Amino acid sequence: MSALVKNLRSTAVDAVAKQVAATPHVQHYKGSYLIVATGVAAGLGGIVPYLAGAPWWVAVIVTTVATFCTMLANRLTKDGFTPSMVDRIGEVVPDIDVEPVPKDYEGKHRAPTRFSLYE
């Protein structure tokens, strides 16, 4: 096997593993953190107005605002690569050896045109 021949699966898994290692911990588990924060905010949004003697609709508004803010935080922030992605990419990428295309190769899409409008 030539040094230029690479296994497609191992190359893809290595690339994703590097991305996982470079991703901050908070981005790995962003969704989980947001779910917990929403649950805490919803719980506090229900308890605090009750203890303060506020009307029932205050709890509904606080919980709705907390849920909307969480949705915005999830939508407007970048997701990270999670450790499970390494295994998942290994399952879907075929385990084949590939050889890079030589630089002098001219496929159909690289073949010179037969005519040009500008000549």
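The values are calculated or read from the model by the stated rules, or taken from the named source; none is laboratory data. Fair warning: this is a prediction, and the values are worked out from it, not measured in the lab. Ideal geometry is used to build each Cβ from the backbone, glycine not excepted, and the neighbour counts take in all protein chains shown.
Spot the failing condition for Asp79; the list is (1) without any contact (Cβ under 8 Å) to a residue 60 or more places away in the chain; (2) touching a Phe, Trp or Tyr at 6+ places or on another chain (Cβ under 9 Å); (3) not in a helix (DSSP H, G or I), and only one is missed.
The failed condition is (2).
Report, by residue number, each residue of segment 1-60 that is β-branched (Val, Ile, Thr) and within 21 Å of Arg75 (Cβ to Cβ).
Listed by number, the residues that qualify are Thr23, Val26, Ile35, Val36, Thr38, Val40.
Evaluate segment 67-80: report whether one residue or more is among the aromatic types (Phe, Trp, Tyr) and modelled with pLDDT under 90.
Checking segment 67-80: not a single residue is among the aromatic types (Phe, Trp, Tyr) and modelled with pLDDT under 90.
Just checking, does segment 79-90 include any residue being over 26 Å from Arg9 (Cβ atoms) and either touching a strand residue (DSSP E or B) at 6+ places or on another chain (Cβ under 8 Å) or surrounded by fewer than 13 Cβ atoms within 10 Å (Cβ to Cβ) (or both)? Full working, then the answer.
Step one: of segment 79-90, the residues over 26 Å from Arg9 (Cβ atoms) are none.
For segment 79-90, residues over 26 Å from Arg9 (Cβ atoms) and either touching a strand residue (DSSP E or B) at 6+ places or on another chain (Cβ under 8 Å) or surrounded by fewer than 13 Cβ atoms within 10 Å (Cβ to Cβ) (or both): absent.
Can you list the helices (runs of 4 or more DSSP H) lying wholly within segment 1-74 that have 1 or more residues being without any contact (Cβ under 8 Å) to a residue 12 or more places away in the chain and within 30 Å of Val101 (Cα to Cα)?
Passing ranges, in order: 8-22.
Identify, please: which residue in segment 13-57 is among the aromatic types (Phe, Trp, Tyr) and within 30 Å of Glu91 (Cβ to Cβ) and is, among those, modelled with the highest pLDDT?
Checking each candidate, the answer is Tyr33.
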